[in-house]
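Throughout, read-outs are computed from the coordinates displayed, never taken from laboratory work. Please read all numbers here as calculations on a predicted model, not as lab measurements. Because the Cβ atoms are built from the backbone with ideal geometry, glycine has one as well, and the counts that use them run over all protein chains shown.
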Amino acid sequence: MLHTPSPVRANVSPYAVDLAAQAMSARRIVIYAGAGISLSRPTNLPTGAVLAERLHTRLRIAFPALQAVDPWDLLAVADEVAALPGGESALRQTSAIAANFKSAKPGHAHRILAHLLLEGAIDVLTTNWDNCIERGAGEERLPTITSSRDLVDVTPPSILKIHGCASQPSTLLVTSSHLEEPPPWVREQTHARLGNSVVVFIGIGDVAGYVKKRIKEAIQEVESVDNIRVVAPNIQSDWETSQWKTVAPNLQDDYKIAATADEFMEQMASAYIMGRLDEHSAGLSSDQELKSDLDKAIDGLLESDALSVLQWAREVDIEPRAGEAVLKSPELAKVLIALGRLTGDTARLGRNQVFDSGPGPIELLIATRTVPMRHLVQAAEYRLQAHANKGGPYPRFVVAGGVGPIPKLRGLPSNILGDLDELDIVDGPLSLAPDITQADEVIAA
């Protein structure tokens with residue numbers, strides 16, 4: 001079933017509040033993601049059994065010995081092929097194209113994982129071959145580690161792909177021997193990330209044979225069962241017959257979270273968003289006027305769903321840095337205070353990162369790096385051009401950050417335009433000048 005998002009305030013469970021609070025206090029939260037996050041719509045990647053049958057069908061002519069192998073047993077199919085001359089390379093190459101691992105549409109959980117990773121709120125390990133989490137990050141680049149070579153070039157945050165990636169078939173761990181003895185760097189990186197962390201397993205409703213060893217190793221690295229959470233719709237009701245009972249027999253009932261991966265990630269994202277925004281509000285407790293303006297803007301923002309807010313937060317910064325929390329930045333608080341002062345309680349996040357409000361459309365832009373003010377002006381010009389190209393309304397821009405005054409803008413003065421639309425002037429769109437206001441000026445007025 002396709003997940004239907006809800007407003008941020010509707011998705012805050014106690015366990016999500018606990019995990020988000022730990023993430024904001026610098027405790028490492030690791031999401032250990034399995035195949036389950038890629039099975040549901042819209043991603044629709046195959047189960048291990050279906051993948052085995054596809055491999056069996058594609059390889060049985062070249063490898064006649066497969067006729068005697070159960071076509072639905074992934075390890076049995078893989079082991080049989082790999083044992084034959086030329087089999088291991090053929091197995092990996094065929095596995096990489098047996099499903100649309102490189103083009104499947106990222107789902108809700110993938111996209112929230114990507115954005116929370118960009119915010120520096122979580123770390124991510126996955127046994128999946130697809131690249132849906134990486135592609136769920138939008139325009140920001142989310143590096144991945146799939147081989148020892150990547151350790152030299154990739155800086156945190158990054159996704160650790162324990163079983164390899166279909167984009168690099170030679171990295172795929174498929175057979176029993178692959179899974180029994182993964183490359184040393186996989187063990188080293190897993191140990192480094194899981195030690196002294198809270199580890200949340202999602203998309204692993206039951207522990208299939210080909211991941212059971214990895215799960216056992218991960219649990220051993222975590223040091224304490226109190227630092228483990230397992231997320232699956234039936235984890236509580238089916239506990240007695242679940243493989244999880246054999247690998248984590250002492251897991252507390254409170255740490256068995258009965259939710260889908262989409263539901264859990266949305267709840268955690270909602271708790272994280274509310275926690276970050278509450279920090280800004282609490283910091284203004286001594287100035288009730290500013291706090292009131294901020295809270296009005298926050299209330300309107302939280303009527304959107306968690307993914308929309310995370311996407312907005314990453315795009316409101318003109319130069320976001322992976323691993324640094326835009327939602328934590330003082331510049332973000334400034335533009336939200338200004339938004340509340342300008343619009344009261346009427347602002348609502350709409351399409352294309354624009355707030356619809358009583359006074360009209362407003363778009364917020366910030367620079368969390370030290371940059372000249374002209375960089376913010378250029379960003380506003382580019383975004384205004386994009387709105388014009390899409391036929392959307394021209395928003396007023398409220399900005400924070402940037403060094404120096406707003407430079408004089410180019411554009412067509414109103415006495416030339418008269419009653420004409422700027423788009424009716426030859427080269428008009430190229431001459432659009434954004435209406436820009438600094439948040440500090442709004443706050444000081």
- Message: Taking θ = phi - 60°, what integer Hz values does the Karplus form 6.51 cos²θ - 1.76 cosθ + 1.60 yield along the stretch 360-373, in sequence order, with x for Gly and Pro?
- Response: x, x, 9, 10, 9, 9, 9, 10, 7, 8, 7, 9, x, 4
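So for the stretch 55-113, averaging the separation of alpha carbon pairs under 8 Å that are six or more residues apart and normalising by length, what relative contact order in percent results? Kindly include the intermediate steps, with their values, before the conclusion.
Numbers: 31 pairs, mean separation 15.5, N = 59.
Relative contact order here is 26 percent.
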- Message: Can you tally the lysine pairs in the chain where the Cα-Cα distance is under 22 Å and the two residues are eight or more apart, or on different chains?
- Response: 16
- Query: Can you give the angle from 0 to 90° between the axis of helix 261-282 and the longest principal axis of the chain, with both taken from C-alpha atoms, to the nearest 10?
  - Reply: 40 degrees
- With Cβ to Cβ distances under 13 Å as the rule, what net charge do the other residues near I122 carry (K, R +1; D, E -1)? +2
- So how tilted is helix 14-24 from the main axis of the chain? Cα-based, degrees 0 to 90, rounded to 10. 70 degrees
- Within the under-12-Å Cβ sphere about L74, not counting L74, Lys/Arg +1 and Asp/Glu -1 give a net charge of -4
- Item | Given charges at Cβ of Lys, Arg, Asp, Glu: the chain dipole, positive-most of L19, S147, G34 | S147
- Compute the distance in nm between two label points, each set 7 Å from the Cα along the Cα-to-Cβ direction, one at S177 and one at W239. 4.1 nm
- Before rounding to the nearest 500, sum -39500 (n - 2.57) across all DSSP H runs of length at least 4 in the chain and divide by the residue total; then give [θ] at 222 nm in deg cm²/dmol. -12500 deg cm²/dmol
- Please report, for the Cα atoms of the chain, the Rg to one decimal and the Dmax as a whole number; what are they, in angstrom? 25.1, 84
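For T57 and Q93 in the same chain, what is the full-extension length gain: residue separation times 0.36 nm, less their Cα-Cα distance, in nm? Before the final figure, lay out each step's value.
Working: separation 36, 0.36 × 36 = 12.96 nm, distance 1.45 nm.
Full extension of this stretch gives 11.5 nm more.
Taking the highest mean first, how do the peptides 285-294, 75-84, 258-267 order by number of other beta carbon atoms within 10 angstrom per residue?
Working: 285-294: 14.9, 75-84: 20.9, 258-267: 24.1.
Peptide ranking by packing, descending: 258-267, 75-84, 285-294.
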- Task: Work through the residues other than G401 whose Cβ is under 13 Å from its Cβ and net out their charges, Lys, Arg +1 and Asp, Glu -1.
- Result: -1
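With only Lys, Arg, Asp and Glu charged, each at its Cβ (+1 for the first two, -1 for the last two), find how big the charge dipole of the stretch 213-316 is about the Cα centre; round to the nearest 20 debye. Walk me through the numbers on the way to the answer.
Numbers: 10 positive and 21 negative charges, 116 e Å.
Value, rounded to 20: 560 debye.
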